[in-house]
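Inspection log for the structure reproduced underneath, given as structure tokens.
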């Protein structure tokens, strides 16, 4: 898969599958525990808990390893324009991944106001994504 956006989309799908499986297991355990206690109101907050899990996964993985499991599979890596990616930049660049609409808007705004290979939050956080092939960087770098 040589298409850069195709790789990014496939990596996102892998990460979504991983997160969905993880949240399915967590929600099953939470439901069983709270069902035994007779407390069902906590299930009303699951959508917020899921959003936190999503942000923590992406920010932690990219802040620590400059990649997620999906990105590693497709040989993509996050780089910072200045310095290291770190948790703060990783958090900022992944804010739109909480729900689908903000992510779609992030991509569209990136095409309109920036480089066609970056989302708008990549520009704001000072990061960009590269494709690494056999330790040789072949990504398209943000021109900031």
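The values are calculated or read from the model by the stated rules, or taken from the named source; none is laboratory data. Owing to the predicted nature of the structure, the values given are computational and were not obtained by experimental measurement. Neighbour counts are summed over all protein chains in view; Cβ atoms, including those assigned to glycine, are modelled from backbone coordinates with ideal geometry.
Applying the set (1) closer than 17 Å to residue 67 by Cα; (2) assigned to a helix (DSSP H, G or I); (3) modelled with pLDDT under 85 to residue 121 leaves exactly one unmet item: (3).
For the range 87-118, the candidate set comprises residues that are within 18 Å of residue 53 (Cβ to Cβ) and either more than 13 Å from the chain's Cα centre (by Cα) or in a loop (DSSP other than H, G, I, E, B) (or both); within that set, the residue that is modelled with the highest pLDDT is 94. Counting the residues of the range 26-52 that are more than 20 Å from the chain's Cα centre (by Cα) and in a helix (DSSP H, G or I) gives 16. Return the residues of the range 125-144 that are modelled with pLDDT of 85 or more and more than 15 Å from residue 84 (Cα to Cα); say none if nothing qualifies. Selection gives 131 alone. The number of residues in the range 45-62 that are loosely packed, with under 14 Cβ neighbours inside 10 Å and either touching a strand residue (DSSP E or B) at 6+ places or on another chain (Cβ under 6 Å) or farther than 12 Å from residue 27 by Cα (or both) comes to 4. Within the range 63-110, the residues that satisfy the criterion of being more than 23 Å from residue 17 (Cα to Cα), in contact with a strand residue (DSSP E or B) (Cβ under 7 Å, 6 or more places away or on another chain) and free of Cβ contacts under 8 Å to residues at least 60 places away in the same chain are 80, 85, 89.
If you scan the range 21-52, which residues turn out to be in contact with a helix residue (DSSP H, G or I) (Cβ under 6 Å, 6 or more places away or on another chain) and under 24 Å from residue 70 (Cα atoms)? Let's see the steps before the verdict.
First, the residues of the range 21-52 that are in contact with a helix residue (DSSP H, G or I) (Cβ under 6 Å, 6 or more places away or on another chain): 23, 34, 42, 50-51.
Listed by number, the residues that qualify are 23, 50, 51.
Per the conditions (1) outside any helix (DSSP H, G or I); (2) within 21 Å of residue 19 (Cβ to Cβ); (3) touching a residue at least 24 places away in the same chain (Cβ under 8 Å), the sole criterion not satisfied by residue 55 is (1).
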